[in-house]
Structures are given as C-alpha cells and as structure tokens.
Amino acid sequence: MTTHDGDRTGTHGVDWDARAASFDEEPDHGLRDPGVRAAWAGRLRTWLPGPPGDVLDLGCGTGSLALLAAEQGHRVTGIDRSPAMVALAREKLAGRDAVFLVGDAAAPPIGAARFDAVLVRHVLWTLPEPARVLRHWRGLLRPGGRLVLVEGVWGTVSPVGIPADLLTALLAPLAREVRLERLSQDAALWGGDVRDERYAVVAVPD
Ligand SMILES: C[S@@+](CC[C@H](N)C(=O)[O-])C[C@H]1O[C@@H](n2cnc3c(N)ncnc32)[C@H](O)[C@@H]1O
C-alpha cells in the first residue's frame, strides 16, 4: 500500500476510480508475485473461519483478497464505492461464487444478509466515524462471526491510517476477543521490507 499524499478527491483526497487501472501494480494489491500471494493466502486462512462460510469484503478494491477467500472455499460478497474497482473485481472473480456491488462500506447495500466474516483491508482508515462503522459491521455478523480488519499507518512525512492501539481500543467494547497480529516484519506480505505500522485484528463479538 502506498501513501496517498497529494491525491485529488474523496474522504482522504483519493480518487479510487482513477487509481483502479494501476492499483494491482503494488505487490500487496495485485498479489501477482507467487511469494506475496502465498503469504497473504496463509494469513487469510488463519483469520477466516475454518469451514467455508459467507465473507463480506468491504472496500474490496480489485478483489485480490476476495479471490484468495474464494479459492479457500468461501462465498464472497464484495462492496466498493468505486465502479471501476468493482468492474475489475468482477473480472478477476468471473466464474467464482462471488458477487460485487457498488456501495458504501459504511452502510453496505446487503439487505438482511448476514455473514460469517466481515473482511476489510486498508479501508477503515478512509471512513469517517470509525467507532460507529465498527458497530454497524458487528451487526452484519451471524452468531459466532468475526471481523477481520487489516490496517496500518502509512508514510512518515504526513502519515495516514489508524494505529493498532486506537483500533483495538475501539473494538474492546464490541468484542469478547480481539487478536492483534503485527505484520510489518513479514516482508513476504509486502514484497519487500517496510518500516511503518501494519497489522491485522481479528475481533469476535460478544
Ligand atoms: C486501499 S484500497 C483497498 C482495496 C482492497 N480492500 C485491498 O486490500 O486490496 C481502498 C478501497 O476502498 C474503497 N473505498 C474507500 N472508501 C469507501 C467507502 N466509503 N465505501 C466503499 N468503498 C470505499 C476504494 O474505492 C478502494 O477500492
């Protein structure tokens, strides 16, 4: 994930439609390198429920994680506000048990559907009112479901993102179990060494 200083539009000045065509060029976005892909697949397997279930991927981008989840047997619903991202995700998962919709991750257009996991990578940091959004996402889970949140703080000059201690504090009142996994030291995930904060949190509500 690159930093986004100097972008043009959106909550944090990011025009995601404009970024869609080149988004997968970043190693951790497109997961084109077999080593990077295997690293994410291995982590995802430990974060998602063991038996295949229904996974809601919010801010799914081009569908790279959605594809890994589908390859692991999960049924995936992906939501993204950017029509260009959704078009690429549909293409990437053509023929798979997956649907992609244009919509707001903060209020996904899923009706009464409920999920075994809500998966969100590198998106919460862009949303206003994260505490309210996390409460909403918790309500989208079936009993026994979990939130899988992959976030970080990117850049050094004007860093953007959510520090792990803030996210775990927001989750504490919502979940009986909050497991934090630090990811910065695992270069295989990023296609090289990184020095900023990267992590995943798996939260199981009460
Ligand atoms: C950094 S990308 C991450 C994409 C994907 N989750 C991944 O890890 O490869 C952020 C994505 O969130 C989407 N996004 C940003 N704000 C959103 C919102 N309010 N609702 C839905 N999608 C949003 C953007 O369009 C973009 O595809």
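The values are calculated or read from the model by the stated rules, or taken from the named source; none is laboratory data. All values reported here derive from a predicted model rather than from experimental measurement. When we count neighbours, we look across all protein chains shown, and the Cβ atoms used for this are built from the backbone with ideal geometry, even at glycine.
Details
- Qualifying residue in the stretch 137-149 (condition: touching a strand residue (DSSP E or B) at 6+ places or on another chain (Cβ under 9 Å) and within 21 Å of GLU26 (Cβ to Cβ)): yes
- Sole residue being in contact (Cβ under 8 Å) with a residue 40 or more places away in the chain and surrounded by fewer than 20 Cβ atoms within 10 Å (Cβ to Cβ), chosen from SER158, SER82, SER64: SER158
- Residue match in the stretch 38-47 (condition: within 14 Å of the ligand (Cβ to nearest atom), modelled with pLDDT of 95 or more and among the charged types (D, E, K, R)): yes
- Test for PRO143: is it under 16 Å from the mean Cα position of the chain (by Cα) and under 21 Å from PRO173 (Cβ atoms): no
- Any hit, the stretch 57-75, residues being within 16 Å of the chain's Cα centre (by Cα), of a type in the set (A, V, I, L, M, F, W, C) and away from the ligand (no atom under 12 Å from the Cβ): yes
- Long-range neighbours under 8 Å by Cβ, at least six apart or interchain, first residue under 18 Å from ALA66 (Cβ atoms) within the stretch 18-45, second away from the ligand (no atom under 12 Å from the Cβ) and of a type in the set (Lys, Arg): ASP24/ARG32; LEU31/ARG37
- Unique residue being of a type in the set (A, V, I, L, M, F, W, C) and away from the ligand (no atom under 14 Å from the Cβ) when the list is ALA113, ALA89: ALA113
- The residues in the stretch 92-108 that are within 8 Å of the ligand (Cβ to nearest atom), free of Cβ contacts under 8 Å to residues at least 40 places away in the same chain and surrounded by 15 or more Cβ atoms within 10 Å (Cβ to Cβ) can be counted, and the count is 2.
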